[in-house]
Amino acid sequence: MAAHQEKKTSEERKHKSTQNGTRASQVQWGRAWEVDWFSLASILFLLMFAPLIVYYFIMCCDQYQCSLTDPLTDLLTGKKHLSDIWNKTPTLTYRAVGIYTLWVTLQVVLYMFIPDFCHKFLPGYVGGVQEGAVTPAGVVNKYEINGLQAWIITHALWFANAYYFHWFSPTIIFDNWIPLLWCANILGYAVSTFAMIKGYFFPTNAKDCKFTGNFFYDYMMGIEFNPRIGKWFDFKLFFNGRPGIVAWTLINLSYAAKQQELYGHVTNSMILVNVLQGIYVLDFFWNEAWYLKTIDICHDHFGWYLGWGDCVWLPYLYTLQGLYLVYHPVQLGIAHAAGILMLGLMGYYIFRTTNHQKDLFRRTNGNCKIWGKKPEYIECSYMSVDGTKYHSKLMTSGFWGWARHFNYTGDLMGSLAYCLACGFEHILPYFYIVYMTILLTHRCVRDEHRCFSKYGKDWSRYTAAVPYRLIPGVF
């Protein structure tokens, strides 16, 4: 939202800071200062069960051909015991440790030591050194945006190996998938624990830290806003984008290679999953500079939620469709495949166009055209922690006039397309659409709570003008 400052007198600033500062600091910025019982219960549930959920899904594919119910049936009927399942689970291996260590090291090198060159020859791409949003402490962090470059180099090395060097099999990820899971967990817990210790003893910026006094909440949601090592290694940007999202397309390629090895061909459903998810990943890196202004970077602290989540949850559960198709190859009819492709592409178009409309509106302060017309908007204002008054505009044109989070609607359409490519024999590949629906609906509620606290009656005017959150006329 385009904003400009309105200077206040010292008396007005002091008064407004006292009146609005607490509310602004507690609601507008990131996670909570205090923990209610529901939040604590949710945190404890996730800390205890999220790792088990990941293990359960991967184990079901490894031992039960992707059936989510058969393991429970075996346990309840006494046919098997937990020890039987655990004893059949592949353990951590030196090979997996070596693979994972080399992988993370490669991504660190690409992130830290190779400045971006893609922005110099790709029209429209924004890379190189970019500024993030202003933190509550007034810091404007700079970032080296080179994720697209890292993705290109990584995949060039992958295909060079597959077709020329033959250092390792393209199925290497699938073949070591569970041992790699233990490596990912070790890194996820290690970086989350280090981030918490760092927040207490040597934070990057003490004014951008939040402490609730509750160990579990602080560990889960993070203490530091932007933990860094040195000038450029930013924990949030690295772990949000690398190594998990760069790996996403490699994981799918490994699944496709395994399907080729097992059955002699790659099904059109596997190709669809690779193409549609590949578009999503490339979009992420093409718009990495824009990502600096999203809720993940602008409002989330770095704790277990992001550290472990990006190392384990994302690469293991976001790729379930490809994993499922290794065990259950699905050859779709032409009409079915075309319908899924159209759904996925339409979802991507809505997702990208909606985000582009907001970005264009912000960059031009509303002096642009949306769908050929000057955009409509609602003028609003809010107070910062120091008592400075800001003016903003909330757009009600284009897709933003259809629903307040129509970009999420497009995201969900794409998510559904991934799942539909797997057919209807098992429910496991549909976990992704269920999870994304819960995640994005919760994010809608969370974001709107923050906006209402920030804008007050102006936000009420906005919601009256745009009454639906996700689906026009429904929700």
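The values are calculated or read from the model by the stated rules, or taken from the named source; none is laboratory data. Keep in mind it's a predicted model, so treat the numbers as computed, not measured. Note: ideal-geometry Cβ built from the backbone for every residue, glycine included; neighbour counts use all protein chains shown. Accessible surface areas use protein heavy atoms only, side chains included; no ligands, DNA or RNA. Shrake-Rupley method; radii C 1.70, N 1.55, O 1.52, S 1.80 Å.
See the values below:
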quantity: Kirkwood hydrodynamic radius of the stretch 332-474, from inverse mean 1/r over distinct Cα pairs, in Å; calculated: 16.9 Å
quantity: Stokes-Einstein D for the stretch 90-331, Kirkwood Rh over Cα pairs, 25 °C, 0.890 mPa s (µm²/s); calculated: 129 µm²/s
quantity: Percent carbon-and-sulfur accessible area, the chain, ignoring ligands, DNA and RNA, probe 1.4 Å; calculated: 66 percent
quantity: Those chymotrypsin sites (Phe, Trp or Tyr not before Pro) in the stretch 274-321 that DSSP places in a loop and that have at most 13 other beta carbons within 10 Å; calculated: none
quantity: Net charge, Ile471 excluded, C-beta distance under 15 Å - Lys, Arg +1, Asp, Glu -1; calculated: +1
quantity: Peptide ranges 186-193, 145-152 listed from the most packed, as the mean C-beta count within 10 angstrom indicates; calculated: 145-152, 186-193
quantity: Chymotrypsin sites (Phe, Trp or Tyr not before Pro) within the stretch 424-460, DSSP loop, no more than 10 other Cβ atoms inside 10 Å; calculated: Phe424
quantity: C-alpha center-to-center spacing [the stretch 403-467, the stretch 331-386] in angstrom; calculated: 14 Å
quantity: Local electrostatic count at Ile297 - Lys and Arg +1, Asp and Glu -1, tallied over other residues with Cβ under 12 Å; calculated: -3
quantity: Per residue, in Å², the accessible surface of the stretch 90-331 once ligands and nucleic acids are set aside, probe 1.4 Å; calculated: 40 Å²
quantity: Under the Karplus curve 6.51 cos²θ - 1.76 cosθ + 1.60, θ = phi - 60°, whole-Hz ³J(HN,Hα) for the stretch 231-241, x wherever Gly or Pro sits; calculated: 7, 10, 7, 9, 4, 5, 5, 5, 6, 5, x
quantity: Charged-residue dipole, Cβ positions (Lys, Arg, Asp, Glu), the chain about Cα centre, Debye nearest 20; calculated: 1440 debye
quantity: Mean separation of Cα contacts under 8 Å, 6 or more apart, over the residue count of the chain: relative contact order %; calculated: 22 percent
quantity: For Ile145, residues with placed amide H under 5 Å, excluding near neighbours; calculated: Gly128, Val129, Gln130
quantity: Axial C-alpha extent at least 24 Å, average Kyte-Doolittle at least -0.5 - helices from the chain (DSSP); calculated: 37-64, 94-112, 177-201, 244-263, 268-286, 334-363, 431-455
quantity: Computed helical MRE - 222 nm, the chain, DSSP H runs ≥ 4 contributing -39500 (n - 2.57), nearest 500; calculated: -18500 deg cm²/dmol
quantity: Equivalent-ellipsoid semi-axes of the stretch 290-352, from the Cα gyration tensor, Å, largest first; calculated: 31, 20, 5
quantity: For Thr171, residues with placed amide H under 5 Å, excluding near neighbours; calculated: none
quantity: Relative contact order computed over the stretch 332-474 (Cα-Cα under 8 Å; 6+ residues apart), in percent; calculated: 30 percent
